[in-house]
1. Looking only at segment 85-100, filter to residues that are in a loop (DSSP other than H, G, I, E, B) and touching a residue at least 40 places away in the same chain (Cβ under 8 Å); which one of those is farthest from Gly68 (Cα to Cα)?
2. Any residue at all in segment 207-228 that's under 20 Å from the mean Cα position of the chain (by Cα), crowded, with 16+ Cβ neighbours inside 10 Å and part of a helix (DSSP H, G or I)?
3. Here is a check on your reading of the model: is Gly88 surrounded by fewer than 22 Cβ atoms within 10 Å (Cβ to Cβ) and of a type in the set (Gly, Ala, Ser)?
4. Condition test on Ala269, is it under 25 Å from Ile181 (Cα atoms), modelled with pLDDT under 95 and under 21 Å from the mean Cα position of the chain (by Cα)?
5. Would segment 83-90 turn up any residue that is among the aromatic types (Phe, Trp, Tyr) and over 12 Å from the mean Cα position of the chain (by Cα)?
Amino acid sequence: MQTSLVENPSVAQLDETLNFLRTKYSGPAPVLGVVLGSGLSGVANAIDNKIAVPYAEIPHFVRSTVAGHAGQLLFGTLEGVPVVCMQGRFHLYEGYTAKQATYPICVMKKLGCKAVIVSNAAGCLNTSWRVGDIMLIADHINLQGQNPLIGPNPRACATSPEQCARFPDMSNCYDKELRDIVTRVASSQGTNTREGVYVALSGPSYETAAEHRFLRIIGADCVGMSTVCEVIVARHIGMKVVGLSVQTNMCMPGVATCHEEVIEAGNKAGRAMVELVKASARPILASLEKN
Ligand SMILES: O=P(O)(O)O[C@H]1O[C@H](CO)[C@@H](O)[C@H]1O
Ligand SMILES: Nc1nc2[nH]cnc2c(=O)[nH]1
């Protein structure tokens, strides 16, 4: 069943989704959500005791239509931490509304997640970086021309109506404490992460050289077509966020970009990302429990 979500998800819709998921998975409630971007599905292999539920079966989920996005929800544990993982995400350019694309984040919240790790494949605008580098998102610029919070407030997936500010603060969107944890884990693994700004456009066309110049001038380090709507919803309903952008292609004049290259680079660099996400799960949980 595929519902056209132009309104916020209702209590009835969320209940229907959750009741269905409970028929598929009855293990410990996930505390951490993970969203895997293009070519980054390797994290799925690190999940133990996995139960996979295709999006096509889940009430009110839309379908994954993009190569490199498997289109299933995974339940299991990552280094002993109960997680729910989107192996593939929904994008606005697939024709989905911002509410449809972010519905799984509301479901993660209802399942019990306190934080979400969002990952993406991105075009690298920062000329000091290289393909394969992992950027911890420190901030974002939303140039998608959409905001998933437009419309009635509050939303049913929040813990309480008071949680959903009409004008939610986005100043610590990408949680500083969790970012520091991931940076420490990365350096203990010998992985050199860098922090930077992710800019999201609607896509699906890649950028022109003039657009690349513009995006650098406004302060972006890398560019993609996803993530920001998910993050806005997660913050609105009180979930902490970690964002990882794998640099899959250099945005340079005269250099063409194609999705096959993005997936291939994602697959390659994704290996380091798998180790990073795996090793970060327990310290992130410890930090969530402390706060
Ligand atoms: O952001 P993710 O889902 O990783 O995918 C990125 O890769 C695709 C373009 O190659 C776009 O969907 C872009 O957003
Ligand atoms: N918009 C955009 N999205 C991407 N995803 C991966 N690479 C790119 C890119 O160069 N531009």
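The values are calculated or read from the model by the stated rules, or taken from the named source; none is laboratory data. Computed from a predicted structure; not experimentally measured. Please note: Cβ atoms are built from the backbone with ideal geometry, for glycine as well, and neighbour counts cover all protein chains shown.
1. For segment 85-100, the residue satisfying everything is Thr97.
2. yes
3. Here the answer is no, as Gly88 does not meet what is asked.
4. Numbers: under 25 Å from Ile181 (Cα atoms): yes; modelled with pLDDT under 95: yes; under 21 Å from the mean Cα position of the chain (by Cα): yes.
Spelling it out, Ala269 is indeed under 25 Å from Ile181 (Cα atoms), modelled with pLDDT under 95 and under 21 Å from the mean Cα position of the chain (by Cα).
5. First, pick out the residues of segment 83-90 that are among the aromatic types (Phe, Trp, Tyr): 90.
From what is left, the residues that are over 12 Å from the mean Cα position of the chain (by Cα) are none.
The answer is no, given that none of the residues of segment 83-90 is among the aromatic types (Phe, Trp, Tyr) and over 12 Å from the mean Cα position of the chain (by Cα).
For every residue, the table says whether it meets (1) surrounded by 21 or more Cβ atoms within 10 Å (Cβ to Cβ); (2) part of a strand (DSSP E or B); (3) hydrophobic (A, V, I, L, M, F, W, C); (4) at pLDDT below 95.
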{"position": "Thr102", "(1), (2), (3), (4)": "yes, no, no, no"}
{"position": "Met108", "(1), (2), (3), (4)": "yes, no, yes, no"}
{"position": "Cys113", "(1), (2), (3), (4)": "yes, no, yes, no"}
{"position": "Val116", "(1), (2), (3), (4)": "yes, yes, yes, no"}
{"position": "Ala122", "(1), (2), (3), (4)": "yes, yes, yes, no"}
{"position": "Asn126", "(1), (2), (3), (4)": "no, no, no, no"}
{"position": "Gly132", "(1), (2), (3), (4)": "no, no, no, yes"}
{"position": "Asp139", "(1), (2), (3), (4)": "no, yes, no, no"}
